[in-house]
1. Looking only at region 128-144, which residues are within 44 Å of the chain's Cα centre (by Cα) and open to solvent by 70 Å² or more (accessible area, probe 1.4 Å)?
2. Let me confirm something: among Lys99, Lys85, Lys158, which residue is part of a helix (DSSP H, G or I), without any contact (Cβ under 8 Å) to a residue 60 or more places away in the chain and among the basic types (Lys, Arg)?
3. Could you grab the pairs with beta carbons closer than 9 Å, sequence gap of 6+ or different chains, first residue in region 30-50 and closer than 15 Å to Leu89 by Cα, second one open to solvent by 40 Å² or more (accessible area, probe 1.4 Å) and of a type in the set (Asp, Glu)?
4. Looking at (1) within 29 Å of Ala47 (Cβ to Cβ); (2) touching an Asp or Glu at 6+ places or on another chain (Cβ under 9 Å); (3) at pLDDT 85 or above; (4) not hydroxyl-bearing (Ser, Thr, Tyr), which is the one condition that is false for Leu89?
5. Considering every residue within region 56-73, establish whether at least one is surrounded by 13 or more Cβ atoms within 10 Å (Cβ to Cβ), in a helix (DSSP H, G or I), out of contact with any Gly (no Cβ under 6 Å at 6 or more places or on another chain) and among the aliphatic types (A, V, I, L, M).
6. Considering each of Ala34, Ala30 in turn, give the residue that is at pLDDT 85 or above and surrounded by 13 or more Cβ atoms within 10 Å (Cβ to Cβ).
7. For region 170-186, state whether one or more residues are modelled with pLDDT of 75 or more, over 42 Å from the mean Cα position of the chain (by Cα) and hydrophobic (A, V, I, L, M, F, W, C).
8. If I filter region 125-147 for residues that are among the β-branched types (Val, Ile, Thr) and in a helix (DSSP H, G or I), do I get at least one hit?
Amino acid sequence: MDALKLAATSAPGLTTGILVASTAIANVPAMGDARANWLAIAKDLEAGYPRILDNATFLSRAEWIGDDREAYLHATAIFSRDVQKLSGLCFDIEGEIRKVRDAYVTYWWEIGGLAAMVVGYVLAARLMRLTPHTGAYAELLLNRLVAITNFIIAKQTKLLGAFLLLSGTTLSTISKSMMGMFNVKPTGAAKIDFKQAVISTRPPTVYVAVKREKPEPHKAP
């Protein structure tokens, strides 16, 4: 942007392109931080929490002898699948943020290269103005340079905007899927009225033998 502003001192028409490019100013480093954060969350959900759940399930085999152990295992399996789904959604968000960041980086690299070229032409035109024989040609060159530069900036900004619109739609869909996971309320037979819930204290109908780390001592027949 600074290079374009410098060139605009000799070619005021470039102000239009500068104003268009300014609409694409964004905090690219912050996008990188956001991507890293989402990636870390996704990896924890993918590997960290499943290990905790697997360990809890393994330890539950030791002395859990009630009928509700099967219900616990079933609930844990469902929860584990949901955690994996959430991990996938986090990976999707990270991927979209990475694409947006890369799009901005590419855009500004292209604008930077264009600005460097424009500055070179503007300096050449300023030198041409110093001679009476090339002064008129210098003005013509500047007018064409301004038109081409503004057109390129407008085209690249339009392409970036179209990509951001598509990416925003994708992120919105992912966000809705994620929010849906936190707003699931059971209905019908699965709905529980906790105000009327009753805890049964009856002994289990089936006892599961407690896992023993050491074998029973040998008994003579």
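The values are calculated or read from the model by the stated rules, or taken from the named source; none is laboratory data. Just so you know, these numbers come straight off a predicted model, no measurement behind them. Quick reminder, even Gly has a Cβ in these numbers, built from the backbone with ideal geometry, and neighbours come from all protein chains shown. Quick note on the areas: whole protein, heavy atoms, side chains included, nothing else; ligands and nucleic acids left out. Shrake-Rupley method; radii C 1.70, N 1.55, O 1.52, S 1.80 Å.
1. The answer is Asn143, Arg144.
2. On inspection, the qualifying residue turns out to be Lys158.
3. Listed pairs, sorted by first residue: Ala42/Asp92.
4. Tallying (1) within 29 Å of Ala47 (Cβ to Cβ); (2) touching an Asp or Glu at 6+ places or on another chain (Cβ under 9 Å); (3) at pLDDT 85 or above; (4) not hydroxyl-bearing (Ser, Thr, Tyr), Leu89 fails exactly one: (2).
5. Yes, because at least one residue in region 56-73 is surrounded by 13 or more Cβ atoms within 10 Å (Cβ to Cβ), in a helix (DSSP H, G or I), out of contact with any Gly (no Cβ under 6 Å at 6 or more places or on another chain) and among the aliphatic types (A, V, I, L, M).
6. Sole residue among the options that is at pLDDT 85 or above and surrounded by 13 or more Cβ atoms within 10 Å (Cβ to Cβ): Ala34.
7. no
8. Narrowing region 125-147 to residues among the β-branched types (Val, Ile, Thr): 131, 134, 146.
Filter once more, so that each one left must be in a helix (DSSP H, G or I): 146.
Scanning region 125-147, I find at least one residue that is among the β-branched types (Val, Ile, Thr) and in a helix (DSSP H, G or I), so the answer is yes.
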